[in-house]
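The numbers here are math on the coordinates, done by the rules we state, and not lab data. Just so it is clear, the model here is predicted, and its values are computed rather than measured. With ideal geometry, Cβ positions are generated from the backbone for all residues, glycine too; neighbour counts draw on all protein chains shown.
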Amino acid sequence: MQFELTKEFISSLQEFIENGKDKTIQKALHGLHPADISDVMEELKSDEATYIYKLLDNDEAADVIIELEDDELAKLLSALTSKEIAEIIDENVDSDDAADVIQMLPEQKQEEVIAQISDESQASDIVDLLQFEEGTAGAIMAKELVSVNINWTVAQAIREMRKQADDLENVYTIYVIDDKGVLQGILSLKQLLFSATSTRTTIKEIYTNDDLRSVEADEDAEEVAGLMEKYDLVVIPVVTSANQLVGRITIDDAVDVIKDEAGRDYQMASGISERVDSEDRIQRILRARFPWLLIGLIGGIFGALVINIYEHDIKIFPEMAFFIPLIAAMGGNVGVQSSAIIVQGLANKTIGLSSTGQKLLKELGVATLNGIILALVILAFNLRFGDSLALSYTVSIALFCVIIFASLFGTLTPLILDKVNIDPALATGPFITTANDIVGLFIYFIIGRFMYSYFEETEAFVEAILLIC
């Protein structure tokens with residue numbers, strides 16, 4: 001049965017904590033999944049969360065600590081001693097998760113925790129992982145894996161695998177290496193059990209290197225996650241530049257990378273420059289939001305300047321002001337749509353090999369059709385409910401031109417940003433909207449000035465002809 005977190009449950013826990021009813025708390029938490037316990041802790045005050053965490057045994061505490069969000073984890077770690085953290089991590093947490101936890105500590109405390117981990121092999125693995133730059137394959141890989149030497153017999157391989165498997169929760173793949181640790185191929189349990197004719201059969205006779213895919217430790221983690229997604233891999237080996245096996249990345253770590261990147265892109269597209277959530281401090285949220293709001297404000301000022309330039313036209317033809325919001329909104333909407341498709345394609349590596357020119361031509365075709373249909377709709381509306389042909393044609397022609405420009409601009413901008421190694425997600429936020437607002441207003445007023453002059457001259461010409469006649 002799925003656990004449902006309620007206010008009543010949290011209130012009960014807080015009462016138990018206040019009265020020091022440790023056994024009652026342990027009973028209330030008994031049987032809950034570590035992810036559920038982490039949810040409970042996130043609803044409590046920092047000191048209350050620490051209190052119930054210290055009541056968990058080390059195995060359960062280890063499972064919970066890797067489920068906590070970064071902010072909650074940081075608060076918890078600050079309340080625990082180096083010894084307490086080391087006891088939780090020691091032989092209970094995989095090296096990649098342990099490295100993630102320790103990385104959040106101050107440098108001195110990191111050293112203290114590592115020094116108190118009794119498992120020297122685990123401590124060494126953690127130290128190795130902490131050397132890798134954040135966002136690389138090495139930073140998200142685990143050192144625990146099962147590997148066999150290509151020259152071993154099946155019997156020897158099975159003996160060694162039993163020792164190695166003690167450190168693993170799941171065995172996805174058996175890696176085959178040579179005497180220098182260079183990755184040679186992979187071996188499935190099926191091959192090990194059914195392909196060998198006897199226990200004296202060597203691994204060299206039954207392993208395979210077909211479809212062997214690996215990544216180097218300094219490769220971008222997002223690229224690795226994309227590779228695993230593309231080829232439906234549940235695990236991928238990590239190697240050095242000399243192809244020596246150093247670790248593995250499992251699908252759960254790849255999914256975390258994909259989720260983090262998707263969240264970051266979504267926030268960036270919304271005009272939030274760094275990763276924040278509702279629980280962060282006001283200062284951090286302000287720092288993340290303010291720059292793009294300032295850019296939006298500056299864009300609004302430029303838009304106001306454009307309107308000021310054409311103030312004389314608006315005084316003479318005040319009805320033009322009615323459609324300023326429509327032109328600005330449509331330009332922003334179309335630009336964001338176009339850029340979002342390109343950004344998504346760049347993120348998913350589904351853009352293909354077509355040139356920039358081909359992408360622009362395709363978008364031009366879509367924009368032309370959209371522009372014609374929408375322009376005809378607004379023309380029909382104005383002809384039916386308006387009394388000015390000049391305004392009707394101005395709005396329709398301007399809308400068509402704005403849609404064409406916004407589509408091409410929205411397509412080209414993320415492609416250019418990607419070429420210069422700037423996150424193209426920037427293009428789907430206020431940048432595109434603000435730019436299209438300004439340019440859209442210019443287009444609207446220029447076309448308006450031309451159309452009103454044309455209709456005035458036409459009317460004057462017709463009147464002159466009628467007078468002559």
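Span-like helix criteria (full DSSP H runs; alpha carbon extent of at least 24 Å along the helix axis; mean Kyte-Doolittle hydropathy of at least 1.0) are satisfied in the chain by 282-309, 324-348, 356-385, 389-419, 430-468.
Just order 243-256, 380-393 by mean Cβ neighbour count inside 10 Å, highest at the front, would you?
Result, highest mean Cβ count within 10 Å first: 243-256, 380-393.
Cα centroid separation, the stretch 357-371 to the stretch 310-334: 25 Å.
With the cut-off at 1.5 for a/c, could you classify the chain from its C-alpha gyration tensor as rounded, prolate or oblate? Because a/c hits 1.5 or more and a/b exceeds b/c, the chain counts as prolate. Spacing of the modelled spin labels on S121 and Q244, each 7 Å from Cα toward Cβ, amounts to 1.8 nm.
With contacts taken as Cα pairs under 8 Å and at least 6 residues apart, the chain reaches a relative contact order of 10 percent. Calculated [222 nm] ellipticity per residue, helices only, for the chain: -20500 deg cm²/dmol; basis is -39500 (n - 2.57) per DSSP H run with n ≥ 4, divided by all residues, nearest 500.
Return the FRET efficiency for the residue pair I158, I314: r is the Cβ-Cβ distance, R0 is 56 Å, and the value is rounded to the nearest 0.05.
That pair, I158 with I314, gives E of 0.10.
Placing R0 at 60 angstrom, the Cβ-Cβ distance between L168 and I298 gives a FRET efficiency of 0.65 after rounding to 0.05.
Between R213 and R384, residue separation times 0.36 nm minus the direct Cα-Cα distance comes to 55.1 nm. Length gained on full extension, K259 to K7: 87.9 nm, using 0.36 nm per residue less the C-alpha separation.
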